Amino acid sequence: MPEQGREQWASRLGFILAAMGSAVGLGNVWRFSYVTGENGGAAFLLIYLACIILIGIPIVMAEFTIGRKAQSDAVGSFEKLAPGKPWKAAGLMGVAAAFMILSFYGVIAGWIVYYFINYLTGNLWTAPAEGYEGFFVDFITNPWHPLLWQFIFMALTIAIVYVGVKKGIERANKILMPLLGILLVVLSIYSLTLGGASEGLAFLFTPDWSALGDPSIYIAALGQAFFSLSLGMGALITYGGYLSQKEHLPGAAYSVAGLDTLFAIVAGVMIFPAVFAFGIEPDAGPGLVFMIMPDVFDSIGFGGGLFGLAFFFLLAAAALTSAVSLLEVAVAYFIRKFSWSRKKAAFIIGGIIFLIGIPSSLGNGILGNVTIIGDRGILDSMDYVASNIFLPLGGLIIAVFMGWGWKKADALRDSDFGDTVLGNLWLFLLRFLAPIAIFLIFLSSIGLFG
Ligand code: PFF
């Protein structure tokens, strides 16, 4: 039985759409493009796809299964299914990861909202005097502007979680997400006409095999897979916990992972040809999308600004449905654990996350000289620790919990796989391949193999 006062998805579609809304976000456009660009393109993409199929999808299935069975939040689900056992460490790490990820996610999403407003006012329809790149740099180095837009985005996220996830995001997921998909396809076709198509496509799809010798691309691909799928921190457990009726979980997992990956690849086809057409370095870093897309809209000529407007609006909406799922992980936990009301939890937790994000927000301006991990600034360091360490580690524990902590027959039944070839393959991946691969990638990232 669900706990008192818990929401339930109204329909089968409600759940799938919500999970897709969580998965599809800045990770597919902003993060996918810059991380792919930094890691050399096609070879990275290949490892990324392998991570999605062999590690990601099985763990998505594990999170769905755990969530639906337990009908609780990221931590409570483990407490319910394995009382007194240490598995709930995965849930607690997940809540911590939610704080970390949303703290910087709100910053980047704030940049998106700022661009949206600048397309709304017409300010970016033609290149400003300092150029699009100069405009971007001026903005992110401003002492307080990024903070304002981060605040606005976080306020929107809090407002939605405040009224309840289901009510808050249904429309966005049903209408705006498909529109974003269509827009990305249209823009990627256009981008192929800009003169950088052959270089861009080769960068994305023709692997430079020597790149596979660099251990850092594995951890980057693994982290990107987890980040993009909203995986490893109990977001999908939390959403699965609002699932009441029978749902064919494997079908849902394939749809969510398939759609998420499709969005990323289409975004790649949109961005990389343009990157080469406009002579920007693919490894320009987290600003890549912000520097390249305005050039693309500008090149459309009359009416191009409308595409910019639609692009940043729809991307902001996609970011919002992802941010809601991040906040919901923490909020659902605090509601149950401390018997807070939803309103109180949304407000307090959202507020704290905004505060935690302030250093990331100022990390290009007045805190611009601060580096934490290697030469990474504050925002990148937060992202690195949360996405490349916390999420895969959480995923590893979830895989082992499902693979080894459950009776095989129970796992096969509760996942809706039944005793099928796919079901057994799933358990094999959870028991052996996923944990071992994650472990090896961790070892390689700290330089153990070279
Ligand atoms: N998957 C989201 C994106 O690609 O933008 C980000 C995210 C949402 C990560 C929720 C983790 C999470 F729990």
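The values are calculated or read from the model by the stated rules, or taken from the named source; none is laboratory data. Keep in mind that this is a model prediction, so the values were computed, not measured. Here the Cβ positions follow ideal geometry from the backbone for every residue, glycine too, while neighbour counts run over all protein chains shown. Each accessible area value is taken on the protein alone, full model and side chains, heavy atoms only, with ligands, DNA and RNA left out. Shrake-Rupley method; radii C 1.70, N 1.55, O 1.52, S 1.80 Å.
Structure data summary
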| item | result |
| --- | --- |
| Unmet requirement for Ser228, which otherwise passes all of (1) over 19 Å from the mean Cα position of the chain (by Cα); (2) among the hydroxyl-bearing types (Ser, Thr, Tyr); (3) open to solvent by less than 30 Å² (accessible area, probe 1.4 Å) | (1) |
| Given (1) open to solvent by 20 Å² or more (accessible area, probe 1.4 Å); (2) closer than 30 Å to Asp73 by Cβ; (3) small (Gly, Ala, Ser), number of the condition Gly357 does not satisfy | (1) |
| Qualifying residue in the range 404-412 (condition: open to solvent by 50 Å² or more (accessible area, probe 1.4 Å), assigned to a loop (DSSP other than H, G, I, E, B) and of a type in the set (Gly, Ala, Ser)) | no |
| Pair list, Cβ < 8 Å and 6+ apart or interchain, from the range 187-214 residues that are farther than 14 Å from Gly41 by Cβ to residues that are outside any helix (DSSP H, G or I) | Leu194/Phe278 |
| Residue satisfying condition, being closer than 23 Å to Ala90 by Cα and part of a helix (DSSP H, G or I), within set Phe401, Phe354, Phe347 | Phe401 |
| Subset of the range 203-240 [assigned to a loop (DSSP other than H, G, I, E, B) and within 14 Å of the ligand (Cβ to nearest atom)] | Leu229, Ser230, Leu231, Gly232, Met233, Gly234 |
| Filter result (open to solvent by less than 10 Å² (accessible area, probe 1.4 Å), closer than 24 Å to Ala437 by Cα and more than 13 Å from the ligand (Cβ to nearest atom)) within the range 250-267 | Pro250, Ala253 |
| Search result, residues across the range 288-316 that are at pLDDT 95 or above, open to solvent by 10 Å² or more (accessible area, probe 1.4 Å) and not aliphatic (A, V, I, L, M) | Asp295, Asp298, Ser299, Phe307, Phe313 |
| Hey, Ile356 more than 26 Å from Thr141 (Cβ to Cβ) and either in contact with a Ser or Thr (Cβ under 9 Å, 6 or more places away or on another chain) or within 16 Å of the ligand (Cβ to nearest atom) (or both) or not | no |
| Qualifying positions in the range 114-164 - assigned to a loop (DSSP other than H, G, I, E, B) and either of a type in the set (Gly, Ala, Ser) or buried (at least 17 other Cβ atoms within 10 Å of the Cβ) (or both) | Gly122, Leu124, Trp125, Ala127, Ala129, Gly164 |
| Some residue of the range 30-42 being at pLDDT 95 or above, under 16 Å from the mean Cα position of the chain (by Cα), polar (S, T, N, Q) and assigned to a helix (DSSP H, G or I) | yes |
| Only one of Leu54, Leu45, Leu17, Leu49 that is over 17 Å from the mean Cα position of the chain (by Cα) and away from the ligand (no atom under 13 Å from the Cβ) | Leu54 |
| Among the candidates Val289, Val296, residue that is closer than 27 Å to Glu130 by Cβ, within 14 Å of the ligand (Cβ to nearest atom) and in a helix (DSSP H, G or I) | Val289 |
| Any chance Asn369 is touching a Ser or Thr at 6+ places or on another chain (Cβ under 9 Å), more than 26 Å from Val329 (Cα to Cα) and open to solvent by 60 Å² or more (accessible area, probe 1.4 Å) | no |
| Identity of the residue in the range 39-84, touching a Gly at 6+ places or on another chain (Cβ under 8 Å) and among the β-branched types (Val, Ile, Thr), that ends up surrounded by the fewest Cβ atoms within 10 Å (Cβ to Cβ) | Val75 |
| Residues of the range 145-164 classified as touching a residue at least 40 places away in the same chain (Cβ under 8 Å) and either farther than 22 Å from Ile335 by Cβ or more than 24 Å from the chain's Cα centre (by Cα) (or both), total | 6 |
| Which numbered condition Trp87 misses (of (1) buried (at least 23 other Cβ atoms within 10 Å of the Cβ); (2) over 20 Å from the mean Cα position of the chain (by Cα); (3) more than 16 Å from the ligand (Cβ to nearest atom)) | (1) |
| Number of positions in the range 317-348 that are open to solvent by 20 Å² or more (accessible area, probe 1.4 Å) and among the hydrophobic types (A, V, I, L, M, F, W, C) | 7 |
| Of all residues making up the range 165-178, the number that are touching a residue at least 24 places away in the same chain (Cβ under 8 Å) and loosely packed, with under 15 Cβ neighbours inside 10 Å | 1 |
| Subset of the range 20-29 (residues that are within 8 Å of the ligand (Cβ to nearest atom) and either surrounded by fewer than 24 Cβ atoms within 10 Å (Cβ to Cβ) or more than 16 Å from Val185 (Cβ to Cβ) (or both)) | Ser22, Ala23, Gly25, Leu26, Gly27 |
| Residue check for Leu379: in contact with a Phe, Trp or Tyr (Cβ under 6 Å, 6 or more places away or on another chain) and farther than 17 Å from Ala90 by Cα | yes |
| Filter result for the condition that a residue is assigned to a helix (DSSP H, G or I), farther than 30 Å from Lys88 by Cβ and touching a helix residue (DSSP H, G or I) at 6+ places or on another chain (Cβ under 8 Å), over Ala332, Ala318 | Ala318 |
